[in-house]
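Q: Before I ask anything, here is the structure I am working with.
The values are calculated or read from the model by the stated rules, or taken from the named source; none is laboratory data. Source: prediction; values computed, not measured. Note that we place each Cβ from the backbone using ideal geometry, even for glycine, and neighbour counts take in every protein chain shown. The area values use the complete protein model at the heavy-atom level, side chains included, leaving out ligands, DNA and RNA. Shrake-Rupley method; radii C 1.70, N 1.55, O 1.52, S 1.80 Å.
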Amino acid sequence: MECQECHERPATLHFSKIVNGNKTEIHVCEYCAKEKGYMGYEDEAYSLHNLLSGLFNFDAGSGFSEQHTSSVPSEKGLTCPKCGMTYQEFARIGKFGCAHCYQTFSDRLNPVFRRVHSGNTTHHGKIPSRIGSGIQQKRKLSEYREQLKQLIANEEFESAAEVRDKIKQLEKDLNRDGEGEEE
Amino acid sequence: MSLQQFMNEAISPWMKEEGPDSDIVMSSRIRLARNFEQVPFPIIADSADLEKVLLFFQKEYEHQSFSNYNDLALVKMRDLKPIEKKVLVEKHLISPHLAENDEEAAALISSNEQVSVMVNEEDHIRIQLYFPGFQLEKALEQAFTFDDWLEERINYAFDEKRGYLTSCPTNVGTGMRASVMMHLPALALTQKINRMIPAISQLGLVVRGIYGEGSEAIGNIFQISNQITLGKSEQDIVQDLRSVVNQLIDQERKARQLLVEQSELQLEDRIFRSYGILQHSRIIESKEAAKCLSDVQLGIDVGYINDISKSILNELMILSQPGFLQHYAKRMLSAKERDVLRASLIRERFKLEI
Ligand SMILES: [Zn+2]
Ligand SMILES: [Zn+2]
């Protein structure tokens, strides 16, 4: 697809914009995006950041917010108790004010993340070892369970028994940690 | 200051080492975004909050306790002159955004300029690691080492489901941006790059050229990086990037070979004309300089030019920028004055080699 502004370069940026309630699809190259003010001043002359607010507004205008206004009457006043960022502010600038904002706006984030991260909404990368040892054990546990299924399917019962023991041990550890926290 | 000394400052020491595939891949970079759990993000935090973040690094710096990096220097933005900031930006050691944040913003920079940690940028912490040539895995490994060390001392903003929490939703998850700077003159010359960019963007990667007025990227330099930070592991992201970059390297090599075989004389003529311009011009704009430098670099890589150091493009692209020129001249320069100084510095640089 070619850029709709210069008709010269390929369009590498695609986004929707709401003008007077009408949704318009925009396909431009980086150069024109910058030139026409679709992007502001940016680190490394590029980013989605400024296109994001268009994205949030798109989500708000696509019926998504209506569903929520019925169930949560004070939706418009949704404000992060930690930093004071309102959802409207967040949608306008496209940035969170603090870590707690992720919880505050949690219900509305999946559609946004899906669009920005090719359909993904859940982290699968590194986990800080100190604060995340429990998470790591849980991940390990599901890996072992997967392995166990495979081994049984392949009739490798000796290895399967080993993995089963590992699972038992891990489950024990996890339970003990859990009790520890409650005390 | 002698020119030689200034050159030593213009090009970062790590750039002088030759990395794998360095005829095409100029550099590899990993950047990790991290935040303190209890402190609001810089965009909204008050200066007392940001001062706390800065103080952490100040203390660690005074205790000289950074793991593996005992040669980090702490540079506070409030202590720098505008031109000094500009030079750091042009060397990619800090971002323009950090330079703007000013009061509580700082950077820790290693003496070989391979590691830089930005403090109070858009996120509280941005760890950057550069390697020459194509070495993403190595950069990732070292970035993780530093990250592990920090994580023992800081409660990171982290969530089981969302991963590392960042100010911008485009960085959440791994918080990682992996990127590779590539010189792709043959793909650009044959216009093949234009057909490849859309395909690459469909893989969740971004190709960025620095575009001037035309459709040609300045200096035929392209940056390939991951767009997606959520839902994939760091290793998978690097792997995806690696396979695309490998294909680009392959295609660029083929295109270079074809150019040499099919239009040897035209190619040689183009390269040596550019060489002549760099050696003899008295006024040169940045765009023309970049084009000529790209040609000369190609000339070195295909073996037409043998008497110039291999990283001339990297080096002179940095040197030709306004901040560097003004730092060298020790005063503000008009655009016209910069074009004159640029030409004279490039001429002298080539004289040093011969
Ligand atoms: Zn365009
Ligand atoms: Zn908040």
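Q: Look through region A:7-21, keep the residues that are surrounded by 17 or more Cβ atoms within 10 Å (Cβ to Cβ), at pLDDT 75 or above and not charged (D, E, K, R), and return whichever of them is nearest to ligand 2 (Cβ to nearest atom).
A: As a first pass, look at region A:7-21 and keep what is surrounded by 17 or more Cβ atoms within 10 Å (Cβ to Cβ): A:9-13, A:15-16.
Within this subset, residues satisfying the condition of being at pLDDT 75 or above are A:9-11.
Narrowing further to those that are not charged (D, E, K, R): A:10-11.
Working: A:PRO10: 38, A:ALA11: 35 Å.
By that ranking, first place goes to A:ALA11.
Q: Of the conditions (1) in a helix (DSSP H, G or I); (2) open to solvent by 10 Å² or more (accessible area, probe 1.4 Å), B:ALA143 clears all except one; give me its number.
A: (2)
Q: Would you point out which residue out of B:ILE154, B:ILE127 is modelled with pLDDT of 90 or more, out of contact with any helix residue (DSSP H, G or I) (no Cβ under 6 Å at 6 or more places or on another chain) and open to solvent by less than 30 Å² (accessible area, probe 1.4 Å)?
A: B:ILE154
Q: Go through B:ARG256, B:ARG208 for me and flag whichever is farther than 30 Å from B:THR166 by Cα and of a type in the set (Lys, Arg).
A: B:ARG256
Q: Among the residues of region B:280-306, which ones are open to solvent by less than 10 Å² (accessible area, probe 1.4 Å), out of contact with any strand residue (DSSP E or B) (no Cβ under 7 Å at 6 or more places or on another chain) and in contact (Cβ under 8 Å) with a residue 24 or more places away in the chain?
A: Within region B:280-306, B:ILE284, B:ALA289, B:ASP295, B:VAL296, B:LEU298, B:GLY299, B:ILE305 qualify.
Q: Return yes or no: is B:GLU348 in a helix (DSSP H, G or I), open to solvent by 50 Å² or more (accessible area, probe 1.4 Å) and either of a type outside the set (Gly, Ala, Ser) or under 16 Å from B:PRO185 (Cα atoms) (or both)?
A: yes
Q: Oh, and also: With on the phi > 0 side of the Ramachandran plot and touching a His at 6+ places or on another chain (Cβ under 8 Å) as the only criterion, which of B:GLY163, B:GLY175 stands out?
A: B:GLY163
Q: Related question: When only residues in region A:111-152 that are open to solvent by 40 Å² or more (accessible area, probe 1.4 Å) and among the β-branched types (Val, Ile, Thr) count, which is farthest from the other protein chains (Cβ to nearest Cβ)?
A: The residue in question is A:ILE152.
Q: For the condition more than 14 Å from chain A (Cβ to nearest Cβ), among the hydroxyl-bearing types (Ser, Thr, Tyr) and surrounded by 16 or more Cβ atoms within 10 Å (Cβ to Cβ), what is the one hit in B:SER201, B:SER263, B:SER274?
A: Only one candidate passes the filter, namely B:SER274.
Q: In region B:82-118, which residues are touching a His at 6+ places or on another chain (Cβ under 6 Å) and open to solvent by 30 Å² or more (accessible area, probe 1.4 Å)?
A: Scanning region B:82-118 gives a single hit, B:ILE83.
Q: Now for a separate question. Give region B:229-257 a look and list any residue that's of a type in the set (Asp, Glu) and either away from chain A (no Cβ under 11 Å) or out of contact with any Ser or Thr (no Cβ under 9 Å at 6 or more places or on another chain) (or both), or say none.
A: The answer is B:ASP236, B:ASP240, B:ASP250, B:GLU252.
Q: Mind listing whichever residues of region A:81-104 are aromatic (Phe, Trp, Tyr) and either within 6 Å of ligand 2 (Cβ to nearest atom) or within 10 Å of chain B (Cβ to nearest Cβ) (or both)?
A: A:PHE90, A:PHE96, A:TYR102 - these are the residues of region A:81-104 that are aromatic (Phe, Trp, Tyr) and either within 6 Å of ligand 2 (Cβ to nearest atom) or within 10 Å of chain B (Cβ to nearest Cβ) (or both).
Q: Can you name the residue in region B:157-173 that is assigned to a strand (DSSP E or B) and facing another protein chain (nearest Cβ under 7 Å) and, of all such residues, is surrounded by the most Cβ atoms within 10 Å (Cβ to Cβ)? Show your work before the answer.
A: Residues of region B:157-173 assigned to a strand (DSSP E or B): B:158-159, B:163-164, B:173.
Next, only the ones that are facing another protein chain (nearest Cβ under 7 Å) stay: B:158-159, B:163, B:173.
On the way: B:PHE158: 22, B:ASP159: 18, B:GLY163: 25, B:GLY173: 31.
Only one residue tops the list, namely B:GLY173.
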